[in-house]
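See below for the structure under consideration.
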Amino acid sequence: MTETIAAWTDRPDTILSQALRYSRLPVCITDPSQADNPIVFANAAFTALTGYTHNEIVGRNCRFLQGPDTTPASLDKLRAILASGEVGTVEITNYRKDGSKFLNSLQIGPIVNEEGRITHFFGSQLDVTDARNREDSARDLADAETKHRLKNIVSVLSVLIRLTARETLGPDALIREIIERVQAVGDAHIRILTGSESGKSPIHEVIGGIIGAYAARGSASYDLDGPDIELTPDAVTPISLLLHELATNAVKYGALSTPGGAVDITWQTGDGMLTLNWAEKGGPPVEHSGRASGSDIVGRLVEGSGGKLEFDWRREGLRVRMDLPLA
Ligand SMILES: Cc1cc2nc3c(=O)[nH]c(=O)nc-3n(C[C@H](O)[C@H](O)[C@H](O)COP(=O)(O)O)c2cc1C
């Protein structure tokens, strides 16, 4: 059978033999009719991957590629695939001739003749070391980011709860206000998680998503204008909380409480800062002269992030300006 394979792959006119010999994918073929199922053919990509010459490979069982870090679990899987008579893939730690390790994504399967008998096995080896390393470092980064976000969420929530408790009278109102604010933080973080792959959120989506949830007349009652920027998760939280507070008040007492009212939200960036302007118009005359407690709480969070929050209680409509560091 060894001769048959050799003769087959030696015929220069055979497209299949050319494909096997010159494929950039390492390939080897073994013969189970011989003792210990040795390699009878290995292509140039296989010798390039492993560092062994063709003569050093042919006649040996593929297990010579294994070494101390090859796990028993990967060997069990390999044996199970071979026993199943099906094609299967296993990731197994292998070693080159120079002793260097690589992670081999090995695909193996039987070659069956017309009578249904297994005459050979094929194996194709793919070095996935770099791909796995990249995945590992991406996962480490994502884990670190998740921890950082979790710490942030916990500290934002503890500030929120402490300040809300200090400024809210009565247990019912306290519970309601805490639930609303915790919900706003939760919504902001869900938005971050479902945002773009870079982990950043487009500002239009963040602002539009929040205000859209409050505006009964939909986009007719608000206008957004500003450059397309991507917000980091750290910036999304204060912006979301501020908009939640402002929108809640606007629905209860301000421009969003009347059919003709509307809110203009505009923003600019410069010197690493984001300036966000909130301007209500067409609502009932503004009577308020002090800050609402919710906005006060957000003000402290914004100040905690190195930013600033200013209120202008104009009779024709509340105006708010927030300056927030982008980094
Ligand atoms: C076609 C074929 C290709 C194989 N290629 C590899 C390989 O690249 N790396 C490896 O560690 N094992 C490879 N093996 C698996 C080993 O040859 C062997 O089957 C495995 O170590 C389990 O058998 P054992 O318990 O006798 O060692 C291959 C097996 C076959 C049939």
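State the number of residues belonging to region 256-273 that are closer than 18 Å to residue 206 by Cα and without any contact (Cβ under 8 Å) to a residue 60 or more places away in the chain.
7
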Exercise for review: Being at pLDDT below 80 and assigned to a helix (DSSP H, G or I) is the filter; apply it to region 159-176 and report the residue that is nearest to residue 242 (Cα to Cα).
Suggested key: 160
Revision key, fill the gap. Pairs returned, first residue in region 51-71 that is on the phi > 0 side of the Ramachandran plot and touching a residue at least 40 places away in the same chain (Cβ under 8 Å), second residue that is outside any helix (DSSP H, G or I) and surrounded by 13 or more Cβ atoms within 10 Å (Cβ to Cβ), beta-carbon separation under 7 angstrom, 6 or more apart or interchain, are 51/96; 51/97
Review point. Does region 62-77 hold any residues that are surrounded by 14 or more Cβ atoms within 10 Å (Cβ to Cβ) and within 9 Å of the ligand (Cβ to nearest atom), and which are they?
Key: 62, 64, 65, 66, 70, 74, 75
Review point. Which numbered condition trips up residue 96, out of (1) near the ligand (Cβ under 9 Å from one of its atoms); (2) under 27 Å from residue 17 (Cα atoms); (3) surrounded by fewer than 19 Cβ atoms within 10 Å (Cβ to Cβ)?
Key: (1)
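Yes or no, residue by residue, for (1) within 29 Å of residue 133 (Cα to Cα); (2) without any contact (Cβ under 8 Å) to a residue 24 or more places away in the chain:
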position	(1), (2)
98	yes, no
102	yes, no
105	yes, yes
110	no, no
Review point. Can you tell me which of 75, 49, 25, 65 is within 22 Å of residue 126 (Cβ to Cβ), modelled with pLDDT under 95 and of a type outside the set (Lys, Arg)?
Key: 25
Study note, to complete from the structure: The one condition residue 28 fails out of (1) near the ligand (Cβ under 8 Å from one of its atoms); (2) without any contact (Cβ under 8 Å) to a residue 40 or more places away in the chain; (3) closer than 23 Å to residue 101 by Cα; (4) surrounded by 13 or more Cβ atoms within 10 Å (Cβ to Cβ) is (2)
**Study point:** Qualifying residues in region 96-116 (those that are within 19 Å of residue 79 (Cα to Cα) and not small (Gly, Ala, Ser)) - the one farthest from the chain's Cα centre (by Cα)
**Key:** 112
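So is residue 21 surrounded by fewer than 19 Cβ atoms within 10 Å (Cβ to Cβ), without any contact (Cβ under 8 Å) to a residue 24 or more places away in the chain and not in a loop (DSSP other than H, G, I, E, B) or not?
Here the answer is yes, as residue 21 does meet what is asked.
Go over the candidates 46, 102, 41, 121 one by one and state the one that is assigned to a helix (DSSP H, G or I) and within 11 Å of the ligand (Cβ to nearest atom).
On the way: 102 fails: assigned to a helix (DSSP H, G or I); 41 fails: assigned to a helix (DSSP H, G or I); 121 fails: assigned to a helix (DSSP H, G or I).
Criteria check complete, one pass: 46.
The values are calculated or read from the model by the stated rules, or taken from the named source; none is laboratory data. Since the structure is predicted, the reported quantities are computational estimates derived from the model, not experimental observations. Because the Cβ atoms are built from the backbone with ideal geometry, glycine has one as well, and the counts that use them run over all protein chains shown.
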